[in-house]
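Working notes, structure below.
The values are calculated or read from the model by the stated rules, or taken from the named source; none is laboratory data. Since we're looking at a predicted model, the values are computed, not measured. Every residue, glycine as well, gets a Cβ built from its backbone with ideal geometry; the counts of neighbours run over all protein chains shown. Note: accessible area is taken over every heavy atom of the protein model, side chains too, but ligands, DNA and RNA are not part of it. Shrake-Rupley method; radii C 1.70, N 1.55, O 1.52, S 1.80 Å.
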Amino acid sequence: MDMQEKYISVEQALSFVKSGDVIVTGLGAAEAGLFMGALHTIAPRVRGVKITNCLPTHPSEIYRPEYVDSFEVDGWFFSPQMRKAHGNGNMAFIPNHLHLAATKRLQFVKPNIYVGAASLPDKHGFVSLSLSNTYEKRMIEAADLVILEVNPNMPYTLGDVQVPVSDVDYFIRADYMPPVTPDAPFSDKDRAIGQFIADLVPDGACIQLGIGGIPNAVAAALESKNDLGVHTEMLTTGMMRLAKLGVINGSRKQAERGKIVTTFAMGIPELYEFMDYNPSVAVMDGSWVNDPYVIARNDNQISINTSLEVDLTGQCASESLGSRQFSGTGGQADTAIGAQMSRGGKSIIALYSTAMVKDPATGEKREVSKIVPQLMTGAAVSLSRNDVDRVVTEYGVAELRGTSIRDRVARLMRRHTHRRNGRCRVYRVR
């Protein structure tokens, strides 16, 4: 087929969808925005179309309750619109470790259609999957039909992320801007946590960060460091700024020296511009990036993740509020275990010691501890107590590696419980 014959409209792409199809779309900013935004228009003629996604960023009507018979959604990581729609009955979470997400999913079901975002084709006849290679390339290889929205605003990233145009069945011309994840401001609590974490990061360490106020504060606190490397699931704006300052240069990495290794990126337009044709950034297959044995190849690998709740034995509930799915596991266990396998490596779980939550009985907000005697009923354990290392709040660092339950309770009570009038208090979450 001639290249020009591969270009079709969104409506033509939607005409390929039939009842019972399994459709996979890209993670985050690699989601097919035009296709997903128009998918609801075929609801009258289809039933039981199953969508598999991860942290979708584009608005879509398929999450509305009137479309429950037409579309089912299985997600590796919930976004706000998925959390809101979870009660409709056609939304389900896929438990996973990120490095095995594609492999295990393909053992269960094969996609009929893959649709995602990509860069414009280059002069050599390749497109870049741009902002995510977490599972996308594996799904493209497995799908019966591959459709890519090629977009001049998507950065052409390098690494194991290029796909020959001959492997793509159809292209849709797109011109939207990649979804932006704004910088989250950081508070005094964030700043305190950021400094505690920075004190644990030696010069020459290899880091993994996420997004939000705490990671942004960590990035700011790392500006005084030297020769940091990056091997991370997600590339963020904070990391990009450290690279531009020369703090991140990868010169002391044992593997992929000089390279920023990631599997997906979300941030501000400056981050996407930084990644465009940048040979120092390698966007690699998530099954490789997040493999704990691959992570462990670099000395002093520092994994920094967060949690919604930690119990006094060290169990981390990072993805659900009780039995209600909130986000996802992502690569928390992957990176935590890999970092601890690294020579000199550390795994850090960072969170506030307390939170203000609405009392379901009164509707009023009350302060509760996030360091609790027991996790909320039904909470999913994202990081087991066997794999926890260090827990950091605004009050300090509790080192739990190798400790007994008795030691853990004492250290978490001493370091992280709420202090009022000089006394420690643990607020039970009910």
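Summary table below
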quantity: Failed condition for residue 272, given (1) surrounded by fewer than 22 Cβ atoms within 10 Å (Cβ to Cβ); (2) of a type outside the set (S, T, N, Q); (3) in contact (Cβ under 8 Å) with a residue 60 or more places away in the chain; (4) not in a loop (DSSP other than H, G, I, E, B); calculated: (1)
quantity: Breaking point among (1) assigned to a loop (DSSP other than H, G, I, E, B); (2) at pLDDT 95 or above; (3) more than 20 Å from the chain's Cα centre (by Cα), for residue 1; calculated: (2)
quantity: Matching residues, the range 96-129, being in contact with a strand residue (DSSP E or B) (Cβ under 8 Å, 6 or more places away or on another chain) and β-branched (Val, Ile, Thr); calculated: 109, 113, 115, 127
quantity: Residues within the range 161-175 that are over 13 Å from residue 4 (Cβ atoms), open to solvent by 10 Å² or more (accessible area, probe 1.4 Å) and assigned to a strand (DSSP E or B), tallied; calculated: 2
quantity: Any chance residue 52 is among the polar types (S, T, N, Q), in contact with a strand residue (DSSP E or B) (Cβ under 8 Å, 6 or more places away or on another chain) and modelled with pLDDT of 95 or more; calculated: yes
quantity: Members of the range 88-105 found to be under 23 Å from residue 234 (Cα atoms) and not in a loop (DSSP other than H, G, I, E, B), listed by number; calculated: 93, 98, 99, 100, 101, 102, 103, 104, 105
quantity: Lone unmet requirement of (1) modelled with pLDDT under 95; (2) assigned to a loop (DSSP other than H, G, I, E, B); (3) within 17 Å of residue 239 (Cβ to Cβ) for residue 214; calculated: (2)
quantity: Residue within the range 279-297 that is open to solvent by less than 10 Å² (accessible area, probe 1.4 Å), without any contact (Cβ under 8 Å) to a residue 60 or more places away in the chain and among the polar types (S, T, N, Q) present; calculated: no
quantity: Tally, over the range 34-72, of residues that are assigned to a helix (DSSP H, G or I) and either within 21 Å of residue 319 (Cα to Cα) or open to solvent by 10 Å² or more (accessible area, probe 1.4 Å) (or both); calculated: 13
quantity: Answer residue from the range 208-220, given it is open to solvent by less than 20 Å² (accessible area, probe 1.4 Å) and out of contact with any Ser or Thr (no Cβ under 7 Å at 6 or more places or on another chain) and is nearest to residue 266 (Cα to Cα) among those; calculated: 219
quantity: Qualifying positions in the range 62-85 - farther than 15 Å from residue 52 by Cα and hydroxyl-bearing (Ser, Thr, Tyr); calculated: 67
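Condition check ((1) closer than 24 Å to residue 63 by Cβ; (2) aliphatic (A, V, I, L, M); (3) open to solvent by 10 Å² or more (accessible area, probe 1.4 Å)) across all residues:
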position: 90; (1), (2), (3): yes, no, yes
position: 93; (1), (2), (3): yes, no, yes
position: 111; (1), (2), (3): yes, no, no
position: 121; (1), (2), (3): no, no, yes
position: 144; (1), (2), (3): no, no, yes
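Listed here are the residues, each with its yes/no results for (1) open to solvent by 50 Å² or more (accessible area, probe 1.4 Å); (2) out of contact with any strand residue (DSSP E or B) (no Cβ under 8 Å at 6 or more places or on another chain); (3) part of a helix (DSSP H, G or I); (4) among the polar types (S, T, N, Q).
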{"site": "86", "(1), (2), (3), (4)": "yes, no, yes, no"}
{"site": "134", "(1), (2), (3), (4)": "no, no, no, yes"}
{"site": "141", "(1), (2), (3), (4)": "yes, yes, yes, no"}
{"site": "155", "(1), (2), (3), (4)": "no, no, no, no"}
{"site": "177", "(1), (2), (3), (4)": "yes, yes, no, no"}
{"site": "180", "(1), (2), (3), (4)": "yes, yes, no, no"}
